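Working notes for the structure below.
The values are calculated or read from the model by the stated rules, or taken from the named source; none is laboratory data. Because the structure is a prediction, the values reported are computed rather than measured. Cβ placement follows ideal geometry from the backbone for every residue including glycine, while neighbour counts extend to all protein chains displayed.
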Amino acid sequence: MTRAYNFCAGPASLPEEVLQQARDEMLDYQGLGMSVMEMSHRSDVYGHIAKTAENDLRELLDISDDYAVLFMQGGASTQFATIPMNLLGAGQTADYIVTGQWSQKAQKEAVKFGKAHIAASSEADNFFSIPDASTWQLTDKAAYVHYAANETIGGVEYPFIPDVDAPLVADFSSSILSEPLDVSRFGLIYAGAQKNIGPAGIVVVIVRRDLLERSPNSIPVMMNYRVTAEKDSMYNTPPTYSWYLAGLVFKWLKRQGGVKAMAEINQRKAAKLYAYIDGSDFYSNPIDKACRSRMNVPFVLADSALDKRFLQQAEEARLLNLKGHRSVGGMRASLYNAVPEAAVDALINFMKQFEKDNG
């Protein structure tokens with residue numbers, strides 16, 4: 001069987017080595033005669049799997065003991081509510097920087113639990129850019145400042161870490177582990193797994209331990225950061241297989257040379273694709289070049305009537321899931337860690353031929 005090149009925004013490509021190892025261990029994990037899926041999360045064997053995954057993630061991102069690493073259920077969208085429930089106290093205000101649909105959804109969810117102030121927004125610019133930080137109208141003594149480091153749908157990525165006085169909260173779902181990250185700059189980082197971490201069903205939360213004291217007893221226990229940290233992310237049965245696969249991905253990343261090595265590869269992949277798009281009159285990308293995403297590259301054809309043909313022929317060429325998000329249309333190539341450089345080369349060659357045949 002020849003595997004296709006998968007450009008899906010999520011659930012996204014997983015490293016082939018990881019899939020092969022999971023296949024080999026599916027029925028019999030290390031001679032125990034059972035699958036990890038069948039294993040008690042309270043067993044010593046699974047406890048070792050879980051702790052190893054946490055330790056490897058800490059090593060990859062150089063996460064200090066000042067931070068708790070939580071493996072929670074529900075994905076990043078659940079965190080849109082979980083964050084204000086834990087960190088937004090009565091009478092406080094949280095600031096949100098809105099640069100795309102995900103940060104916009106996060107703000108709209110937070111309003112249900114308290115005051116969530118839009119300190120800056122690029123909606124008037126169709127989310128094609130990031131508002132200059134000097135224009136942000138931040139709240140004095142805000143509970144936290146939230147932003148999405150990479151907007152998967154629009155293809156906008158922050159080229160900087162915001163410098164704010166309040167605890168910085170960031171959605172890194174689509175760019176975590178794609179490059180080195182100074183975790184010490186943040187109060188909380190969260191990331192849905194199904195892009196650069198593993199399969200859907202689990203979300204990683206990296207939270208500064210002093211912020212755990214904000215979690216009130218009045219919120220649902222399954223959404224309480226303090227309780228989750230105290231119970232090592234096992235208050236109840238966690239999504240054990242997703243956690244196990246995430247651990248395999250972390251091991252794979254370490255074998256590749258870690259996040260520094262991945263950053264070089266990811267930059268090269270994105271630069272190739274953007275260079276071809278920019279050099280063509282047939283394709284275009286609308287995002288401000290200063291904040292183009294390395295992970296998600298949206299592009300449109302000069303004649304949108306050709307979209308259906310492009311997607312059909314791409315699929316025939318085994319280049320899958322290139323259709324843009326339903327809200328913006330066009331095309332989108334997601335270039336996460338597990339998407340090999342050969343996939344980008346194949347896509348560019350296809351785009352060249354399609355332009356030649358239809359331009």
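Per the listing GLU59, GLU38, the residue uniquely within 20 Å of the chain's Cα centre (by Cα) and either under 30 Å from ARG255 (Cβ atoms) or at pLDDT below 95 (or both) is GLU59.
Just wondering, is there one or more residues in region 147-157 that are in the same structural domain as TYR96 (by TED's automatic domain parsing) and farther than 15 Å from MET295 by Cβ? Yes, region 147-157 contains at least one residue that is in the same structural domain as TYR96 (by TED's automatic domain parsing) and farther than 15 Å from MET295 by Cβ.
Take region 264-279 and flag every residue that is under 23 Å from ILE153 (Cβ atoms) and in contact (Cβ under 8 Å) with a residue 12 or more places away in the chain. Listed by number, the residues that qualify are ASN266, GLN267, LYS269, ALA270, LYS272, LEU273, TYR274, TYR276, ILE277. The number of residues in region 113-135 that are of a type outside the set (Ser, Thr, Tyr), under 14 Å from PHE160 (Cβ atoms) and either surrounded by fewer than 16 Cβ atoms within 10 Å (Cβ to Cβ) or touching a Lys or Arg at 6+ places or on another chain (Cβ under 8 Å) (or both) comes to 2.
Any residue that is of a type in the set (D, E, K, R), within 27 Å of GLY192 (Cα to Cα) and more than 20 Å from the chain's Cα centre (by Cα) - is there at least one of those in region 282-294? Steps first, answer last, please.
Step one: filter region 282-294 for residues of a type in the set (D, E, K, R), giving 288-289, 292, 294.
Imposing the further condition that a residue be within 27 Å of GLY192 (Cα to Cα) reduces the set to 288-289, 292, 294.
Subset that is more than 20 Å from the chain's Cα centre (by Cα): 288-289.
Scanning region 282-294, I find at least one residue that is of a type in the set (D, E, K, R), within 27 Å of GLY192 (Cα to Cα) and more than 20 Å from the chain's Cα centre (by Cα), so the answer is yes.
Scanning region 107-130 for residues that are in contact with a strand residue (DSSP E or B) (Cβ under 9 Å, 6 or more places away or on another chain) and under 16 Å from LYS289 (Cβ atoms) yields SER122, PHE127, PHE128, SER129, ILE130. ALA305 meets the conditions (1) in contact with a Leu (Cβ under 6 Å, 6 or more places away or on another chain); (2) farther than 21 Å from PHE127 by Cβ in every case but one. The failed one is (1).
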